Amino acid sequence: MSAPLRSSIDDGPDPTSGSKHPVRRASIRLAAVFVLGLTAGGVAFVWLSRAPAPGNAKPGAASSKAAAFSFQGKPMPEGCEVETANPPSLVFVELPGNRLLLGAFKQGEHVERTVTLRNAGTGVLCIRDIETGCGCVKAAWEGDPHIQPSTSKTLSIRIDTTEREGDQEKWVTIYTNDPKQRFGAVLTVVLDIRLGVVVVTPMGAPGPRLLFGVRAPGEAATAVLRLKCPRDAPEWTVLGIESLALPEASRPTFRWTLDRVESDDAKSRAYDLRVTHPGRTEPGHDVQPVRITTSHSDRPEIRLDAELTVNAR
């Protein structure tokens, strides 16, 4: 009789001979475990791929609720799940185009307003977070972040007009569980800072100031400051410019001129205030607070810094 065929993985003696082969048995067991693992993984993949995703349950399912929205940052408050048949809806009351038009103000004023938010939907509206696009705008929400259907609550907005001038548009973004505004509802705040005397900040500068530049010891220097006022405002002038530095012995004596500047701005008149610093003998960078007094009733005083750098000899 011919010898029985051997498995290709069997390099040992014939198992029919009665000799033991632990290496061959371990190899067979390992292969069996591998095959069983692949089979179980395939079954699990098919089962998971056929399972409905959360929030996409078929009609007639036990629950029609979708999971509450997930955002980076602050979590959504509890109880804010959205039912597809009864969603919430955020509406800004009496603000066409979601624009809050504030009008004209003086530079340096702090403007405060409240905005009414209404839930025009049939589900509970939840306020998750509020962001502003500028540090000069603050928005505050106090109390319960839940707004029941057909009810309203107010949002407080505060704007600091310091170092701002001209037409301004600022943004407040409100993040809620409104499914139609998943990326936030944007409120645009519009105001015009032009009343009284307005100090213009040069493009790219951190704020209005008298910049005298770099000079040699004892050399005089001139800085120019642009000022504006409404075109229909009464005539006014600069009455004085003085340093407020301490000790008083370190205060320079300024000279100045105020010149009218032709402008295409239909709302404002423009002036250039030219201020001359007599110079310093001590080297280094010097910053001093300065007070400018004017004859304008809406802004009789302007305060800012004066900067001068003196090179070493």
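Conditions (1) open to solvent by 70 Å² or more (accessible area, probe 1.4 Å); (2) at pLDDT 95 or above; (3) within 18 Å of Ser263 (Cα to Cα), marked per residue:
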| position | (1), (2), (3) |
| --- | --- |
| His146 | no, yes, no |
| Ser150 | yes, yes, no |
| Ser156 | no, yes, no |
| Lys180 | yes, yes, no |
| Val189 | no, yes, no |
| Val199 | no, yes, yes |
| Pro206 | yes, no, no |
| Ala223 | no, yes, no |
| Pro230 | no, yes, yes |
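Taking residues in the range 185-204 that are at positive phi, and partners anywhere that are of a type in the set (A, V, I, L, M, F, W, C) and open to solvent by less than 10 Å² (accessible area, probe 1.4 Å), the pairs with Cβ atoms closer than 9 Å and at least 6 places apart or on different chains are Gly196/Cys229.
Suppose the filter is hydroxyl-bearing (Ser, Thr, Tyr), under 17 Å from the mean Cα position of the chain (by Cα) and outside any loop (DSSP other than H, G, I, E, B); does Thr154 pass it? Answer is no for this residue.
Looking only at residues in the range 298-311 that are without any contact (Cβ under 8 Å) to a residue 60 or more places away in the chain and exposed (fewer than 14 other Cβ atoms within 10 Å of the Cβ), the one that is farthest from Pro283 (Cα to Cα) is Glu301. The single residue among Asn98, Asn119 that is modelled with pLDDT of 95 or more, under 17 Å from Tyr175 (Cα atoms), under 22 Å from the mean Cα position of the chain (by Cα) and not acidic (Asp, Glu) turns out to be Asn98. Comparison of Thr253, Thr162, Thr173 shows that the only residue that is part of a loop (DSSP other than H, G, I, E, B) and under 22 Å from the mean Cα position of the chain (by Cα) is Thr162. Cβ separations smaller than 7 Å between residues 6+ apart or across chains give the following pairs from the range 160-177 residues that are of a type in the set (A, V, I, L, M) to residues that are open to solvent by 50 Å² or more (accessible area, probe 1.4 Å): Val172/Thr132.
Here Arg113 passes the criteria (1) surrounded by 18 or more Cβ atoms within 10 Å (Cβ to Cβ); (2) among the basic types (Lys, Arg); (3) at pLDDT 95 or above except the one numbered (1). Kindly evaluate Pro289 against the criterion of being closer than 25 Å to Asp167 by Cβ and in contact with a strand residue (DSSP E or B) (Cβ under 7 Å, 6 or more places away or on another chain). Against the criterion (closer than 25 Å to Asp167 by Cβ and in contact with a strand residue (DSSP E or B) (Cβ under 7 Å, 6 or more places away or on another chain)), Pro289 does not qualify.
The values are calculated or read from the model by the stated rules, or taken from the named source; none is laboratory data. All values derive from a computational prediction rather than experimental measurement. Ideal geometry is used to build each Cβ from the backbone, glycine not excepted, and the neighbour counts take in all protein chains shown. SASA here: full protein model, heavy atoms, side chains in, ligands and nucleic acids out. Shrake-Rupley method; radii C 1.70, N 1.55, O 1.52, S 1.80 Å.
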